[in-house]
Amino acid sequence: MQSFICQPLPMRVRFEAGAIARVGEELQALGLRRAIVLCTPDQSALADRVVTLLGPRAAGVYAQAQQHVPLETARQAQTLAKTLGADCAVAVGGGSTIGLGKAIALDSGLPVVAIPTTYAGSEMTSIYGITESGLKKTGRDARVLPRSVLYDPDLTQSLPVELSVTSGINAIAHAAEGLYASDGNPIIRLMAQEGIAALGRALPSIHRAPQDRQARHDALYGAWLCGAVLGNVSMALHHKLCHTLGGSFNLPHAQTHTVVLPHALAYNEAAAPEAMRGIAAALRGERAPAAIFDLARDNGAPVSLRALGLREEDLDRACDLALSNQYPNPRSLEREGLRNLLQNAFEGRRPV
Ligand code: NAD
């Protein structure tokens, strides 16, 4: 029997096809009047749609969100929010855009309303990250947790298939590590199990038919649950490795999670048998590491760090960086095992 503490983060979620149309209603319910709307350059048409829906509640748009929230971008957005007299930020997009909303909240305490369009899960967490001179600093702060989240599966129809699959596996990674988290609890494990199963069903359907609305619904539902796991318990080896690889070698976020997850699970497999049984059962596979690998490979996602542009000569430094911090993980961090993990991920070997 395991003892535990369970204190879920507060969340207000509206999950509905077409939920974006409710954004004005949502601001009204929260007593908010002037929103700065945030997006990436690619998604400015979507931000314009939000502005139209908000009418007089829209104060202006900042359309320069970028991956990993560069400090200069954060400062520009923070300044614009003040100049516009905004009393909240509406972040419409993936983890990069929601991360920018969090940077504004961290600076000024403005509440964030998030409208996620990927499966990354940032909207469910109080984790922020800001990158200065190539170094990403992360932390937790209750102010950055979005006040409300509008999940609209229709907005994910345009997410390219490869990014849908890798972003979905990024979400699964949160749940997988939640199942063996040192501070886990039974509610979080239920959410993790359900989230993995929903994404495990949905991603192959999206790969076959990207406009399948039921699959898009199921994937976003799974992503919500997996994001909530990330927000509530501590992550371990897999997330730390991806953070190192993404930050130090500038690898793409969702794809890196996709490549590393099977190998991080293989590393932890013997030390976390119950979690592995849960992951395998949710994916209807025999062994968790191979089931994740197959989910990626069979649905067109990259499976090797080489394919993401990492150089083999960088593996030793990646290993040193991964060992430079100790943190709770089911299996202790050992150089030889970690170096093998990285080599296997580099080569894209199927874990056996
Ligand atoms: P992203 O937000 O960088 O988006 C990737 C690309 O996809 C962008 O060009 C974006 O414009 C485009 N895009 C997004 N949704 C789309 C859609 N529906 N249709 C078409 N194009 C779309 O990618 P991401 O993986 O969601 O987020 C990655 C970032 O989020 C990383 O910086 C990561 O560290 C951060 N993150 C933070 C947390 C947290 O809790 N703080 C959690 C997960 C991820």
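The values are calculated or read from the model by the stated rules, or taken from the named source; none is laboratory data. It should be emphasised that the depicted structure is a prediction, and the values quoted were computed from it without experimental measurement. Every residue, glycine as well, gets a Cβ built from its backbone with ideal geometry; the counts of neighbours run over all protein chains shown. We work out accessible area using only protein heavy atoms, side chains counted, and drop any ligands, DNA or RNA first. Shrake-Rupley method; radii C 1.70, N 1.55, O 1.52, S 1.80 Å.
Which whole-Hz ³J(HN,Hα) couplings does the stretch 337-346 yield from phi under the Karplus relation 6.51 cos²θ - 1.76 cosθ + 1.60, θ = phi - 60°, glycine and proline marked x?
Once θ is set to phi - 60°, the couplings for the stretch 337-346 become x, 5, 5, 5, 3, 5, 5, 4, 5, 4 Hz.
Could you work out what % of the accessible surface of the stretch 219-312 is carbon and sulfur, using a 1.4 angstrom probe and leaving DNA, RNA and ligands out of the count? Can you show the working numbers first?
Values: 1500 of 3210 Å².
Summing carbon and sulfur atoms, their accessible area is 47 percent of the total for the stretch 219-312.
Alpha carbons only, please: Rg and Dmax for the stretch 184-319, in angstrom.
Reported Rg and Dmax, both Å: 15.1, 44.
Could you sort the peptides 342-349, 34-41, 314-321 by per-residue average Cβ neighbour count (10 Å cutoff), highest mean leading?
On the way: 342-349: 19.1, 34-41: 24.1, 314-321: 16.4.
By packing density, highest mean first, the sequence is 34-41, 342-349, 314-321.
Within the accessible area of the stretch 1-112, what % is carbon and sulfur when the probe is 1.4 Å and the other protein chains stay in place?
Accessible surface attributable to carbon and sulfur in the stretch 1-112 totals 51 percent.
What FRET efficiency, computed as 1/(1 + (r/R0)^6) with R0 = 25 Å and r the Cβ-Cβ distance, is obtained for Gln2 and Arg140, rounded to the nearest 0.05?
On the way: r = 24 Å, r/R0 = 0.94.
Plugging the Cβ-Cβ distance into 1/(1 + (r/R0)^6) gives 0.60.
Mind listing the phi-derived Karplus ³J(HN,Hα) values for the stretch 205-219, rounded to whole Hz, using 6.51, -1.76 and 1.60 with θ = phi - 60°, and x for any glycine or proline?
Calculated HN-Hα couplings, in order: 5, 5, 4, 6, 9, x, 9, 5, 5, 5, 5, 5, 4, 4, 5 Hz.
Label points 7 Å out from Cα along the Cβ direction at Ser324 and Asn250: separation in nm?
About 1.8 nm separates the two model spin labels.
Please give the peptides 73-82, 11-20, 95-104 ranked by average Cβ packing (other Cβ atoms within 10 Å per residue), highest first, as a rough proxy for protection.
On the way: 73-82: 18.5, 11-20: 15.5, 95-104: 28.9.
For the peptides 73-82, 11-20, 95-104, the packing ranking is 95-104, 73-82, 11-20.
If you average the C-alpha positions of the stretch 296-352 and of the stretch 25-93 separately, how far apart do those two centres end up, in angstrom?
The stretch 296-352 and the stretch 25-93 have Cα centres spaced 37 Å from each other.
How high is the FRET efficiency between Ile187 and Arg284 when r is their beta carbon distance and R₀ equals 25 Å, given to the nearest 0.05?
Working: r = 23 Å, r/R0 = 0.94.
Efficiency, rounded to the nearest 0.05: 0.60.
Evaluate the distance, in nm, between pseudo-label points positioned 7 Å from the Cα of Leu9 and of Leu71 along their respective Cα→Cβ axes.
If labels sit at Leu9 and Leu71, their model points lie 2.5 nm apart.
Once fully extended, how much extra length lies between Glu336 and Ala271, figured as 0.36 nm per residue of separation less the alpha-carbon to alpha-carbon distance? Don't jump to the answer; show the numbers that get you there.
Numbers: separation 65, 0.36 × 65 = 23.40 nm, distance 1.65 nm.
The span from Glu336 to Ala271 would gain 21.8 nm if fully extended.
So what is the calculated 222 nm ellipticity per residue for the chain, using -39500 (n - 2.57) for each DSSP H run with n of 4 or more, over all residues, to the nearest 500 deg cm²/dmol?
Details: 13 runs with 179 residues, N = 352.
Result for the chain: -16500 deg cm²/dmol, rounded to the nearest 500.
Leaving out ligands and nucleic acids, note down the accessible area per residue over the chain with a 1.4 angstrom probe, in whole Å².
Ligands and nucleic acids excluded, the figure is 42 Å² per residue.
So if each residue of separation counts as 0.36 nm, and I subtract the Cα-Cα distance between Ala209 and Asp294, what length gain in nm does that give? Could you put the intermediate results ahead of the total?
Details: separation 85, 0.36 × 85 = 30.60 nm, distance 1.86 nm.
Gain on stretching Ala209 to Asp294: 28.7 nm.
Please turn the phi angles of the stretch 93-99 into ³J(HN,Hα) values with the Karplus equation 6.51 cos²θ - 1.76 cosθ + 1.60 (θ = phi - 60°), one per residue in order, whole Hz, x for glycine and proline.
Couplings: x, x, x, 5, 6, 5, x Hz.
Using 0.36 nm per residue of separation minus the Cα-Cα distance, give me the extension gain between Ala17 and Asp316 in nm, one decimal.
So the chain would gain 103.0 nm between Ala17 and Asp316.
Residues of the stretch 64-92 with the amide nitrogen closer than 15 Å to a label point 7 Å from the Cα of Ser44, along Cα-to-Cβ, please.
The answer is 64-66.
For the chain, what value does the Rg/Rh ratio take when both radii are computed over Cα atoms and Rh is the Kirkwood radius, given to two decimals? Intermediate results must be reported in sequence, preceding the final value.
Numbers: Rg = 19.4 Å, Rh = 20.2 Å.
Over the Cα atoms of the chain, Rg/Rh equals 0.96.
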